[in-house]
Amino acid sequence: MNLLDTIHAPADVKALDSNQLATLAQQIRERIISVTSANGGHIGPNLGVVELTLALHRQFDSPRDKFVFDVSHQSYVHKLITGRNGPEFDKIRQSGGLCGYMCRTESEYDAYGAGHAGTALSAALGMAVARDMLGEDSHVVAVVGDAAFTCGITMEALNNVAEKTKRLIIILNDNKWSIDRNVGAMASYFNQLITTPMYNRMGHHLGRFLSRSSAGRSLLRVTGKWKKGTKDFFVSSSLFETYGVRYLGPIDGHDVAKLERYLAFAKTCDQPVFLHVITNKGKGYEPAIAAPEQFHGTPPFDITTGRGQKNAGQAPSYQDAFGQALLRFAKEDKNIVGITAAMPPGTGLVYMRENCPEQYFDVGIAEEHAVIFAAGMATRGMKPVVAIYSTFLQRAFDCVMHDVCLQKLPVVFCMDRAGLSAQDGPTHHGLFDISFLRSLPNAVIMQPRNEDELADMLWTGLHTPLPTFIRYPKGHGTGHQIKEQAAILEIGKAEVVEEGEQVQFWALGPWIPVARRVAQRLRDELGMSAGVVNPRFIKPVDAELLNEQAKAGAKLFVTLEDHQQKGGFGSALLEELSANSIPTPALCIGWPDCFIPHASEADELRERFGLGEEAIFEKVKAALGF
């Protein structure tokens, strides 16, 4: 019998003897590789934490004890041993399957939901303080990747830990990677701890600390060879000692027995403890070890070769179109710089990194810093282009407002994943950027209909003395040919795609083809004259064209957008109609006022939430009185 099939709860893992754990670990890896090869997903991070997750569940009593995983994309192992190893795991990140992240509504074992980096330590500290106030004696464990220490939120939480609680266990899962290889001083510091442990500072101080408890004395006996120079024992660390947190490590993150001993000791400590655990991202699958960047989060792939499944004739992605256009412009102008927050492959800035490294900056998982860093460069005449996912730019809203828009600095923001990110779900859907950016004075917001227009918008942003924001969707473009010389677009000027009079569709980006098909049905089935507009500019809206179309006899304006309805482009158009005293009604079609779940495909979600082509046609018919 497959050992993994006998695991239905953490108690089953605790019941295993030590020589069964290696078998279970291997079967967990095989299960994850099999499922992610079919569905895609975060394979590398999960393969790296198998032994760590087993050790946690053997030493603690979840869900009474709380585990908080930073980002939580490495929680597949946790899901498998907490009763979710069934058909729902087969469909993880697919319709009807498990979420790819921790989700409080999915299981009582998921103590805290996540999807963005840097939140675990703050949340875990909040749980620990609440536990203390309630007089409980449970444990709280934060599992934090080394990349999260480039995130300001993590450091803010670390600053509060020792002052707020005496009992918190922080596990640093150190594999030297986020999505890309980690950068900056913290990465160098962690590497120094691994390669040059400061044994000369351990001695009397460490012995006194360990002797406080029976578990510590036991651990001293078991690992007594530390005095002879082993690399895997306790290290005194000036940084963490300064924060009042006891540092333990570095520890082999693939040795379950050793991990259990350290965890058992950490439970007895009367001050916050920091366990530095060394893991190998992708362990157990050679293609993932060889290409950690590719296998951080991957589409479906062939298990034997590790190669992704390719669809013949598929157009390049928007992120590649952006990255290649930026590289072309940067080669012509050395003042153009590209800035990413630890996402060079995901945003397309890998082209800058490889070809213009002196104009490329990766600041780590630090979106706020990325924005203000760009603002500082802009004050000196540089032309910064900040490439951040739409859903990650939310984290830096105050910086965008206070440091860029208020000072009217010409920073270009390129927001990938604007719209649905179907399999990732609500933490990654870029459905809110228009609403929070549109409120900012001085902001110019654009959305292209194809790759060529994306290049034009980037070129326009680089020649506009205002903060500019360009949003574009995840995935493949239209295949539109990019012209040799980009054009500067007239700010606030829309493009009429199809002429019409009675119904005017104003559709953003990928919704233009939908608008054209619905417009054609209106002509064919209802005899209506319908036009289609590519707004190009979300802010400012082309009020002049709205006036022209209203005077020409428009009976209805229809907006289509991959964004929430409230505060989106439709709201902007309604405001322009009101401001210009245009009585023509508008039908605004977008996502409802709720968080949209994950699914296999974006089209499935559109059908489910009334944004399918047939539903749109029926809504337009009803608005016209048919």
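The values are calculated or read from the model by the stated rules, or taken from the named source; none is laboratory data. Being a predicted model, the structure only gives us computed values, none of them experimental. Here the Cβ is made from the backbone with ideal geometry for all residues, glycine too, and neighbour counts use every protein chain on show.
The sole residue among Thr391, Thr427 that is of a type in the set (Ser, Thr, Tyr) and out of contact with any His (no Cβ under 6 Å at 6 or more places or on another chain) is Thr427. Of the residues making up the stretch 577-607, those that are assigned to a helix (DSSP H, G or I) and either more than 20 Å from Pro473 (Cα to Cα) or assigned by TED's automatic domain parsing to the domain that holds Phe432 (or both) are Leu577, Ser578, Ala579. Here the stretch 332-363 is the region considered, the condition is being in contact with a Ser or Thr (Cβ under 6 Å, 6 or more places away or on another chain) and on the phi < 0 side of the Ramachandran plot, and the residue that is surrounded by the fewest Cβ atoms within 10 Å (Cβ to Cβ) is Asp362.
Kindly establish whether Asp61 is more than 15 Å from Leu4 (Cβ to Cβ), charged (D, E, K, R) and modelled with pLDDT under 95. Answer is no for this residue. Out of Val273, Val277, one residue alone is in contact with an Asp or Glu (Cβ under 9 Å, 6 or more places away or on another chain) and among the aliphatic types (A, V, I, L, M). It is Val277.
Per the conditions (1) on the phi > 0 side of the Ramachandran plot; (2) surrounded by fewer than 24 Cβ atoms within 10 Å (Cβ to Cβ); (3) touching a residue at least 24 places away in the same chain (Cβ under 8 Å), the sole criterion not satisfied by Val13 is (1). Scanning the stretch 350-366 for residues that are touching a strand residue (DSSP E or B) at 6+ places or on another chain (Cβ under 6 Å) and either touching a residue at least 24 places away in the same chain (Cβ under 8 Å) or in a helix (DSSP H, G or I) (or both) returns Met352, Arg353, Gln359, Phe361, Asp362.
If we keep just the residues of the stretch 263-288 that are surrounded by fewer than 17 Cβ atoms within 10 Å (Cβ to Cβ) and without any contact (Cβ under 8 Å) to a residue 60 or more places away in the chain, which is farthest from the chain's Cα centre (by Cα)? Per the stated criteria, the residue is Thr268. Note on the stretch 13-63: residues that are in a helix (DSSP H, G or I), under 16 Å from Asp90 (Cβ atoms) and among the small types (Gly, Ala, Ser) amount to 3. Can you tell me which residues in the stretch 318-348 are among the aromatic types (Phe, Trp, Tyr) and out of contact with any Pro (no Cβ under 8 Å at 6 or more places or on another chain)? If the condition is that a residue be among the aromatic types (Phe, Trp, Tyr) and out of contact with any Pro (no Cβ under 8 Å at 6 or more places or on another chain), then Phe322, Phe329 are the ones that fit. Annotation note: of Gly323, Gly308, the sole residue that is modelled with pLDDT of 95 or more and over 22 Å from Pro441 (Cβ atoms) is Gly323. Take Val77 and tell me if it is at pLDDT below 95, of a type in the set (Val, Ile, Thr) and either surrounded by fewer than 24 Cβ atoms within 10 Å (Cβ to Cβ) or closer than 29 Å to Glu136 by Cα (or both). So Val77 fails the test. The residue of the stretch 85-123 that is farthest from Ala602 (Cα to Cα), among those that are surrounded by fewer than 24 Cβ atoms within 10 Å (Cβ to Cβ) and of a type in the set (S, T, N, Q), is Ser122. Scanning the stretch 367-376 for residues that are among the aromatic types (Phe, Trp, Tyr) and either touching a residue at least 60 places away in the same chain (Cβ under 8 Å) or touching a strand residue (DSSP E or B) at 6+ places or on another chain (Cβ under 6 Å) (or both) yields a total of 0. Among the candidates Val144, Val129, the residue that is modelled with pLDDT of 95 or more and not in a loop (DSSP other than H, G, I, E, B) is uniquely Val129.
Arg536 satisfies every condition listed in (1) crowded, with 22+ Cβ neighbours inside 10 Å; (2) touching a residue at least 40 places away in the same chain (Cβ under 8 Å); (3) at negative phi except (3). On inspection, Phe329 qualifies as at pLDDT 95 or above, surrounded by fewer than 21 Cβ atoms within 10 Å (Cβ to Cβ), within 26 Å of Glu453 (Cβ to Cβ) and not acidic (Asp, Glu).
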